[in-house]
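Heads up, the thing below is written out as structure tokens.
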Amino acid sequence: MKNSHEIKRKLAESLELPKDIILDIPKITMIGDIQMNIENHKGIIEYTNNCIRIKIKDGILKIMGKNLLLKIILKDEIVIIGKIQQVEFTL
Amino acid sequence: MLVLRLWNYLSGYVIIQIEGLALEEFINICINRNIYLWDIYKKNNTLIEAKVSIKDHRKIIKVAKITGSNIDVIKKIGYPFWFNKIKKRKMLIFGAFFSLILLITMFSFIFDIEVIGNETIPSEKIVKILNDSGLSIGSNRYFINLREIENNLLLNIQELSWVGIEISGVKLKVNVVEKTPAPLKIHKDIPSNIVAKKYGIIEKVIVKNGKAMVSEGDIVSPGDILISGHMEIEDLGISQYLHAYGEVYAKTYYESEKTVDLIKTIKEKTGEKVTRKIIKLGKIEIMLNKTNNPYSTYVIQRESKKPFKCRNIELPVEIITEEIYETIEIKKTADIEKEKEVLHRILIEELLDKIPRNLEILNSYTNFIIKNDKLKCNIIIEVIEDIGEEKIQ
């Protein structure tokens, strides 16, 4: 499993393919601290106004902030707006 | 995103409240079943608010059953809901439709006829001919042929050289251009004289046909014969009347004068003032607060506001704010040089309006007289002009 992941990473690097597609990991775009777009997620684990935990491949993405609101939530994209203070990856 | 919001409004959406314990699971199931939720906001631990489209609202009820949560619709937003509400009120639709039709029909009639550009022909005459050719106040704009009426107007009134009729809204504008009458011409074969049309001192006489009766330096008054058409050759005993023809140039004078007072009374504000408000409806003025004018010498400043004004249509309602200032009269002697300059300029402008264009100005004489605190200015301008005029004997 770890081996195949390594192969994929090397393949993506050598062929200059987008890593988020090849490795199936999230692509996160932030606009200042007011908006965050997460592509390629695996679902939502916890949602409160101060904390959002999103399942991603091989772990959890934790976003802390104030007045967080799920602006758009689709199968492969989440848009969060609000005041983002902290972003944390946990395996 | 405006487009997205507009689309959402047109397709309709509901704001729902989901109450339950496994809310994250609820959202996940929604995602997996392609139910589009947006603007999700957590109110408290067991309550979230979200927006969902009408179509997905039915699906969401099934999801709620699975997760064991409660769904309440808080608000319905969008065009379909509005349309449903309207559908029940048939009279309202009928009324709106009826008033629209009424409005369109009302605006297809002509309410006012305006004649622009006529100077000598009375507007009533033009309007009367318009009425005769089928265009009057109250006729429908879709049933009249404007070009035909224009032609009719031109045929009926000979003094017009051009007519343009246009309809702007409920107003009919008739633009007319009058003919400028051509100067009277006497045919070459008819015997005539050339006479003076104004006072002048003869400067030059050019005779092309006929006999010059005046020479340089003569003073002529209106009506004097300048070039005669009567030819007489005594030796041969011929006496003949011709069509006199030529140009007579003479010095003519244009004069203008004006008197101004040098001592001026100036009203100076003392600072005391009284304000009063007046509402004007048409021609009736209604005083809002009763304040009489307490001053013997005063200046009134009026400021009017028209509150109901839309483009060039206005209701005859006016709010007037009147400010009455107390004043003291002060006598002041004006600066003579300045007054002279102003007076001179005014008179010159006045004179240049009187003098026909393209004339050669020879001299100008300016004269100032100060008498009894009054300044009198007199300007004479000397020009050379053709004073000849054809006249049948």
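General observations
- Across peptide A:77-87, the average count of Cβ atoms from other chains found within 10 Å of a residue's Cβ is 1.
- Protection proxy ranking, peptides B:94-100, B:35-41, average beta carbon neighbours within 10 Å, highest first: B:35-41, B:94-100
- The range B:136-183 and the range A:28-79 have their alpha-carbon centroids 73 Å apart.
- Accessible-area value, A:Thr90, 1.4 Å probe, nucleic acids and ligands omitted, Å²: 60 Å²
- Part-to-part distance (alpha-carbon centres) for the range B:1-61 and the range B:283-351, which is given in Å: 67 Å
- Take each residue in A:63-73, count the other chain C-beta atoms within 10 Å of its C-beta, and the mean is 4.
- Value of relative contact order over the range B:294-393, rounded to a whole percent, pairs C-alpha under 8 Å and six or more apart: 19 percent
- Value at 222 nm in deg cm²/dmol, rounded to 500, when DSSP H runs of n ≥ 4 in the protein assembly as shown each add -39,500 (n - 2.57): -7500 deg cm²/dmol
- The alpha-carbon of A:Lys66 sits under 29 angstrom from the alpha-carbons of these lysines, leaving out residues fewer than 8 places away in its chain: A:Lys27, A:Lys42, A:Lys55, A:Lys57, A:Lys75, A:Lys83, B:Lys42, B:Lys43, B:Lys51, B:Lys75, B:Lys76.
- Net charge contributed by nearby residues that have their C-beta within less than 14 Å of B:Glu203 (K/R +1, D/E -1): -4
- Taking all pairs of distinct alpha-carbon atoms in the range B:112-178, Kirkwood radius in angstrom: 11.8 Å
- Exposure check, 1.4 Å probe, all protein chains in place: B:Ile369 carries approximately 80 Å² of accessible surface.
- Karplus (6.51, -1.76, 1.60) ³J(HN,Hα), θ = phi - 60°, over the range B:168-179, in Hz, Gly and Pro reported as x: 10, x, 9, 10, 9, 10, 10, 9, 10, 10, 8, 6
- Nearest-ten-degree value, helix A:2-15 long axis tilted from longest Cα axis of chain A: 80 degrees
- Loop-resident sites, the range B:134-212, for trypsin sites (Lys or Arg not before Pro), counting at most 14 other Cβ within 10 Å (DSSP): B:Lys179, B:Lys185, B:Lys188, B:Lys198
- In percent, rounded to a whole number, the relative contact order of chain B is 12, using alpha-carbon pairs under 8 Å and six or more apart.
- Taking all protein chains into account, the per residue accessible area for the protein assembly as shown stands at 67 Å² (1.4 Å probe).
- Accessible area of the range B:2-83 belonging to carbon and sulfur atoms, whole % at 1.4 Å probe: 57 percent
- Over all other residues within a Cβ to Cβ distance under 15 Å of B:Leu153, the charged ones net out to -3, with Lys and Arg as +1 and Asp and Glu as -1.
- Solvent exposure ordering (accessible area, 1.4 Å, most first) of B:Lys43, B:Lys305, B:Lys340: B:Lys305, B:Lys43, B:Lys340
- Summarising the amide proton neighbourhood of B:Asp218: residues at separation of 5 or more, or on other chains, whose placed amide H is nearer than 5 Å comprise B:Ile202.
- Each of B:Asp224, B:Asp56 has its accessible area taken with a 1.4 Å probe; listed largest first, they run B:Asp224, B:Asp56.
- Calculated from the alpha-carbon coordinates, the range B:263-389 shows an Rg and a Dmax of 24.3, 68 Å respectively.
- Kirkwood's formula applied to the C-alpha pairs of the protein assembly as shown gives a hydrodynamic radius of 35.5 angstrom.
- For chain B, the membrane-span-like helix rule (DSSP H, alpha carbon extent of at least 18 Å along the helix axis, mean Kyte-Doolittle at least 0.5) picks out B:90-106; this says nothing about an actual membrane.
- For chain B, the fraction of C-alpha pairs more than 26 angstrom apart is 80%.
- The residues neighbouring B:Pro122, those whose beta-carbon lies less than 15 Å from its own, together hold a net charge of -3 under the Lys/Arg +1, Asp/Glu -1 convention.
- Accessible area buried between chains A and B, both sides summed, probe 1.4 Å, in Å² to nearest 100: 1400 Å²
- Computed over chain A: relative contact order in percent, which uses C-alpha pairs under 8 Å that are six or more apart: 22 percent
- GNM result for chain B, Cα springs below 10 Å: residue of B:Leu347, B:Leu23, B:Leu153 fluctuating most strongly: B:Leu23
The values are calculated or read from the model by the stated rules, or taken from the named source; none is laboratory data. Model, not experiment: these values are computed from the prediction. We place every Cβ from the backbone using ideal geometry, glycine too, and count neighbours over all the protein chains shown. Note: areas computed on protein heavy atoms with side chains; ligands, DNA, RNA excluded. Shrake-Rupley method; radii C 1.70, N 1.55, O 1.52, S 1.80 Å.
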